[in-house]
Amino acid sequence: MQLEEDHLGPHLNGKHLRPESLMMSYGYNPEWSEMAVKAPIYQTSTFVFKTAEEGKAFFELAYGLREKGAEEQLGLIYSRLNNPDLEILENRLRFWDGAEDAAVFASGMAAISTSLLALLKPGDVILHSEPIYGGSDYYIKNILPKFGIQSIGFQASATAEEVEQLLEETGVADKLAMIYVETPANPTNHLVDIEACAALAKKHSTADKKVIVAVDNTFLGPVFSHPLKHGADLILYSATKYIGGHSDLIAGACLGSAPLMKQVKAMRTFMGSMASPWTGWMLMRSLETLKIRMEAQAKGAEVVAAYLKQHPKVEKIYYLGYLQDNPQQQAIFEKQCTSAGSMIAFDLKGGEKEAFLFLNNLKLIKLAVSLGGTESLAEHPASMTHSDICPADRAVMGIGESMIRISVGVEHPEDIIADIEQALAKVEELVEEEV
């Protein structure tokens, strides 16, 4: 028996069900698959039409040749266009952010590149925060210009007034088409005010052109931050990270309004950048434990951050739980975040030599890029994830040679601290030897 549903989603006894409850079975009917409690992997490239007329009708809808009827549904055609695993997954994923629709991709960069190409055109300007993930930075600054799309960067820590002044000084404010932000910023955890970006976008929108606000919500989403509620139009994820959460798949996602997602999904069809049925099935598995994983990781990170904050070898810590000395950032945090999350960056006293020595001596924490998995990971942003950003720009962004980024996993926090402690001891030994 199916749950009753309205435009806000399924409800029971007059109350709408919470996302974590819907992750178990929403969008799937056991009768489709021999009453299996979980959806199978629909590992097929194509789907059989009952009649030629049905096939014609499906293609008319798929290619926008006519409007969909009130009770009509787009049928299954070909797994580049639609697949049950992806459709069920997308229907579930959208509930976390309160989005009308979602699209899942083969990677986070596939989600970003496909979505930006779908919504930008030659002559447009994209205003973006800095720092952002190195791959996103390269794509915006080096790939989009080949398509005639100009980029303007602003520091994530800048005020709304400073961002607006920067935009006006460029002389191309009238060409603004998108504001793209990553909040919290990777790897510094700087927050960008989404409401301020939405206000700026509205100011530069016209009757013929709406300036879109797109937010990479990977660090805190989809549990601890919900950008659509603060005026964003589009949310992007590396679903490899917390949504996947087990470091065993590569995926991306984009969520937003039905009209925007129609454009994004159309571009995905022709770019061929959709996720595979197997990846879709794996992500459905992961969604079932998403909230409890992220809550456990955030709780552990709070303990680890407290240890790092007081350690004499740590010069500075970048953690959302420690914003009290920055009223502007604290105000943004209180407005648009419900947790400090589990990402921590810190500067060691010293430079690359000390940072590498620390990383090389970790035993429980793995030296690897990526984040959001069940295991704790540590990396060196300046030489790894953000190495394709020029040193001068990295310095302005605050990504120094001594910075370490840690993604806290679900291990016991005291065990994580024990590993950090012994690795820091090796750094202290080096300093003593040099003295």
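Report the convex hull volume per residue for segment 74-146, counting only C-alpha atoms, in Å³. Hull volume normalised by residue count: 138 Å³. The Cβ shell under 12 Å around LEU234 holds other residues with a net charge of -4, Lys and Arg each +1, Asp and Glu each -1. Comparing SER157, SER387, SER107 in a Gaussian network model of the chain where C-alpha atoms under 10 Å apart are linked, the largest mean-square fluctuation is found at SER387. Seen from VAL37, the other residues with C-beta closer than 15 Å to its C-beta sum to a net charge of -1, counting Lys and Arg as +1 and Asp and Glu as -1.
Footprinting exposure proxy ranking of VAL125, VAL369, fewest other C-beta atoms within 10 angstrom first, gives VAL369, VAL125.
Here the Gaussian network model covers the chain, with springs between Cα atoms less than 10 Å apart; of THR183, THR44, THR289, THR44 fluctuates the most.
What the pair-distance distribution of segment 291-434 shows, using all Cα-Cα distances binned every 5 Å from zero, is 2, 10, 19, 22, 21, 16, 8, 2, 1, 0 percent. Membrane-span-like helices of the chain, defined as complete DSSP H segments with a Cα extent of 30 Å or more along the helix axis and a mean Kyte hydropathy of at least -1.0, are identified as 290-310, 413-434. Over every Cα atom in the chain, the radius of gyration and the widest Cα-Cα span, Dmax, amount to 22.7, 83 Å. A helix-only calculation puts the chain at -11500 deg cm²/dmol for mean residue ellipticity at 222 nm, using -39500 (n - 2.57) for each DSSP H run of at least four residues, averaged over all residues. In this structure, the amide hydrogen of SER205, modeled 1.01 Å from its nitrogen in the peptide plane, lies closer than 5 angstrom to those of VAL211, counting only residues at least 5 positions away or on a different chain. Among VAL396, VAL211, the order by Cβ neighbours within 10 angstrom, fewest to most, reads VAL396, VAL211.
Residues with beta-carbon under 11 Å from that of ASP419, excluding ASP419: net charge, scoring Lys, Arg +1 and Asp, Glu -1?
Charge balance near ASP419 sits at -2.
Counting only aspartates and glutamates at least 8 places from LYS210 when in the same chain, those with an alpha carbon closer than 13 Å to its own are ASP124, ASP174, ASP233.
Computed from the coordinates by the stated procedures, all read-outs in this text should not be read as laboratory data. Everything numeric here is computed off the predicted structure, so don't read it as measured data. With ideal geometry, Cβ positions are generated from the backbone for all residues, glycine too; neighbour counts draw on all protein chains shown.
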